[in-house]
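*Asks:* This is the structure I want to talk about, given as structure tokens.
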């Protein structure tokens, strides 16, 4: 990477916990100065931030990016019909090129809506890595492991997971990291989960898993293992601060204690949980209990977009109406979920998630000259409750400008839409 | 209005109930031809619809437009504190110029997100009418009447309501109509409600009222009147097919029967009901029972935007998670709420709400060349679940192009933002 400096001048810096006026200087991939006034001679490139607000790039902590190809394929169906008759038959014909095409469309969508880091679990993850490399985003990737209690399948899943770790971990100037991705306690055997725990320690990588998304899967785990999912995972020694559990909708009080005790990270996916009628995670309670709850969109087949700004609003509103308490999950808290807690959930809190000296320059500017920010008051309120992804103006990742004035530099927008359209048509025609 | 013809050529016509390819010809204010192929020589202006979808302009059936000035003023507070310490003190200093400024900002926001008709209840409604006239939108306006059981206040409220009816009803080429707007059964006396019923009949106008938004107000009505709100309104002879009740969150089975029997129209406001923690209206059940439920954003102080495309998604997702049924309030049904049922709720079903010969040309084109519509499949699914207001490209009301390629012709965007910003600052500084 060539040496480069960028000055974001005279803006409103909106960080989790603090909003202030100022300028931010970037050198290479890092934030090197934050102060009230920095002269323009200090930087090769100057971005006028005076009609904008600056936020940390948002972290989408649970998605299946290539599923953008399945956007709108089937909606409003019950879960069994949706999976068995629509999603799984199409997924059976996936290949690396399709996954690349879908991931590229997802990267485009995330850049345009202010997400700079995402946590992805799916298949053909080295092809997803290609899209991350091309687009300039930051990502943690995991191969989704499903053994259905079969030993042969288990071996293959480890082979593929380790192939991806060895090929992709810490590539793309460190923007790509790889985790283990055991799908869930109801689709993976105890042997797989125990071996994941052991190998995650060995390789020094994290674990990304779905837990307790639906009541039905909780019942399956109780039937198979004699206890609820988090109890079971706790008892086999699977849990730890390096485990990110997506969904966590159906929780007993004891499971909440287990999550807290083990410092397990949660990814809350409200739009997907609503659309699939999975239920409502007690997020407000978890956060008030000191549990690290981040925010994710889930895949585009069950959302159906990857707009984290929309997700901010849905998350907050859902907690309020569910608790009948207007103060639940206020704008600041949900903004923190999408930034600082997102970074922590992915084990990246030393690198990203806030606008601080020495952190990576993963930054997003939103346009204040819009109806959503007028009259201009509390920027976090406008971001959470009034804005949407289209208010994002400029996106910087690892010190590189990916988008400015809504023009994307790393990938060509029209070409990405065409590649994805063609891949989706071909893929669906096969099933 | 000068005579004019517009041809929307080679598009996808997405009407409630039916999607088909075709072209639409507009002459003056009306749709005069819908067919597979219409030659370009038939029109003075031709809009290429080949990379777009065409929908009926959306109907926002309950809002308080001038409250855009209060956007983000106070969030995440309990209802009493929000009203008593923030909203009401500011509203005490409202005047006609402020209401015009706020309404203008609201009109801008609605045009940009594909709403062509709105149903507004607030104050200084002749100034709101000015904003409607300037912007080119269609609206039903009502002065919000609150007598707090005081006779003097009641007289003044009728004076103002009748002033607005006489001044504004059927103005702006018929784009503006006026209704009576008794605020609610807990802020209005039975005498006021009975006189509204009588005078609405006399003037031939409709009635717009809030009913059963919160559990607390239901309890107040039970205490004051000895019965639940819809029972009470039924028993005093207030209800009828010309009554639009906003919210209708807390309903007994008997009240649902009353609503159905009287053909009372409902405006469902999910984002506001969630943000204010009011509760969840049983909308899916009401619609399945044949009740006309339309969709509204409520005011920007409790939403905090006026984006009906966002509201479509929130409405559908909220019913699904509340009933734990993925099939609840599917995309087609919620789209119908925002178009055809919206028109019916406002008594305008002969004029607007669908793309039909002889109806007013209130039409919206959305851009298909976007990530939200890729891969392109079921347009209603993409509209409801993936899109947002920024996907709106062109807006036509009463045969006049208000926006094309996101450029607004009737009002000047930068000027509107400035007027609203200044008005809001001045207004809030007074309280």
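Throughout, read-outs are computed from the coordinates displayed, never taken from laboratory work. Here the structure is a predicted model, which means the values were calculated and not measured. Positions of Cβ are backbone-derived with ideal geometry, glycine not excepted, and every protein chain shown enters the neighbour counts.
*Asks:* Taking the label point 7 Å from Cα in the Cβ direction, how far apart in nm is residue A:263 from each other copy of itself, listed shortest first?
*Replies:* Distances between equivalent label points, in nm: 6.6.
*Asks:* In addition: Springs between alpha-carbon atoms under 10 Å, Gaussian network over chain B: tell me which of B:245, B:414, B:224 tops the mean-square fluctuations.
*Replies:* Checking each option, the largest mean-square fluctuation is seen for B:414.
*Asks:* Could I have the simple spin-label model distance between residue A:254 and residue B:253, label points 7 Å from Cα toward Cβ, reported in nm to one decimal?
*Replies:* Simple spin-label model gives 3.8 nm for this pair.
*Asks:* Once you have a ≥ b ≥ c as the square roots of the Cα gyration tensor eigenvalues for the protein assembly as shown, tell me rounded if a/c is under 1.5, and otherwise prolate or oblate according to whether a/b is larger than b/c.
*Replies:* Taking the square roots of the gyration eigenvalues as a ≥ b ≥ c, the protein assembly as shown is prolate.
*Asks:* Here's another thing I want to ask about it. Identify the residue of chain A whose Cβ lies closest to the rotation axis that maps chain A onto chain B, and give that distance in whole Å.
*Replies:* A:390, 2
*Asks:* Rounded, prolate or oblate: which one fits the stretch B:58-345, using the alpha carbon gyration tensor with axes a ≥ b ≥ c (rounded when a/c is under 1.5, else prolate when a/b beats b/c, else oblate)?
*Replies:* Rounded is the answer for the stretch B:58-345, as its axis ratio a/c remains below 1.5.
*Asks:* What is the mean number of Cβ atoms from other protein chains located within 10 Å of the Cβ atom of each residue in peptide A:70-81, rounded to a whole number?
*Replies:* 6
*Asks:* If the elastic network links every pair of Cα atoms under 10 Å, which of B:259, B:47, B:380 fluctuates the most in the Gaussian network model of chain B?
*Replies:* Of B:259, B:47, B:380, the Gaussian network model singles out B:47 as fluctuating most.
*Asks:* Along Cα-to-Cβ, 7 Å out, sits the label point; list in nm, shortest first, how far the one on residue B:414 is from those in the other copies.
*Replies:* 2.8
*Asks:* Moving on. Ignore the peptide's own chain and count Cβ atoms of other chains within 10 Å of each Cβ in A:295-307; give me the average, rounded.
*Replies:* Rounded to a whole number, the mean comes out at 3.
*Asks:* Between residue B:325 and residue A:198, with labels modelled 7 Å along Cα→Cβ, what's the label distance in nm to one decimal, could you check?
*Replies:* That separation, rounded to one decimal, is 4.9 nm.
*Asks:* How high is the relative contact order of chain B, in percent, counting Cα pairs under 8 Å that sit 6 or more residues apart?
*Replies:* 21 percent
*Asks:* With r as the distance between the Cβ atoms of residue B:78 and residue B:235 and R0 = 35 Å, compute the FRET efficiency 1/(1 + (r/R0)^6) and round to 0.05.
*Replies:* Efficiency for this residue pair is about 0.60.
*Asks:* Using 7 Å Cα-to-Cβ label points, what is the residue B:431/residue B:95 separation (nm, one decimal)?
*Replies:* 1.7 nm
*Asks:* Of the residues B:202, B:320, B:260, which exhibits the maximal mean-square fluctuation in a Gaussian network model of chain B defined by a 10 Å Cα contact cut-off?
*Replies:* B:202
*Asks:* Okay, moving on. In nm to one decimal, list the spacings between the residue A:162 label point and its equivalents in the other copies, with label points set 7 Å along Cα to Cβ, shortest first.
*Replies:* 8.9
*Asks:* Moving on. Taking 0.36 nm per residue of separation and subtracting the Cα-Cα distance, what length does fully extending residue B:30 through residue B:369 add?
*Replies:* 119.2 nm
*Asks:* Give me A:77, A:54, B:329 sorted ascending by neighbouring Cβ count inside 10 Å, so fewest comes first.
*Replies:* Fewest-to-most ranking of A:77, A:54, B:329: A:77, A:54, B:329.
*Asks:* Computed FRET efficiency, Cβ-Cβ of residue A:219 and residue B:350, R0 35 Å: what is it to the nearest 0.05?
*Replies:* With a Förster radius of 35 Å, E is 0.10.
*Asks:* Here's another thing I want to ask about it. To the nearest whole number, what is the average tally of beta carbon atoms from other chains within 10 Å of the beta carbons of peptide B:316-324?
*Replies:* The per-residue average across the peptide is 6.
*Asks:* Further, regarding this structure: How many angstrom separate the Cα center of the stretch B:391-431 from the Cα center of the stretch B:116-174?
*Replies:* 20 Å
*Asks:* Tell me the mean residue ellipticity at 222 nm calculated for chain B from its helices only (DSSP H runs of n ≥ 4, each -39500 (n - 2.57), averaged over every residue, nearest 500).
*Replies:* For chain B, the value works out to -10500 deg cm²/dmol.
*Asks:* Same structure, new question: Rounded, prolate or oblate: which one fits the stretch A:69-154, using the alpha carbon gyration tensor with axes a ≥ b ≥ c (rounded when a/c is under 1.5, else prolate when a/b beats b/c, else oblate)?
*Replies:* Note, shape of the stretch A:69-154 comes out oblate.
*Asks:* Now a separate question. Order these by the 10 Å Cβ neighbour count, fewest first: A:153, B:9.
*Replies:* Lowest to highest Cβ neighbour count: A:153, B:9.
*Asks:* Let me ask another. Taking neighbour Cβ counts within 10 Å as the exposure measure, how do A:391, B:29 sort from fewest upward?
*Replies:* In order of increasing Cβ crowding within 10 Å: B:29, A:391.
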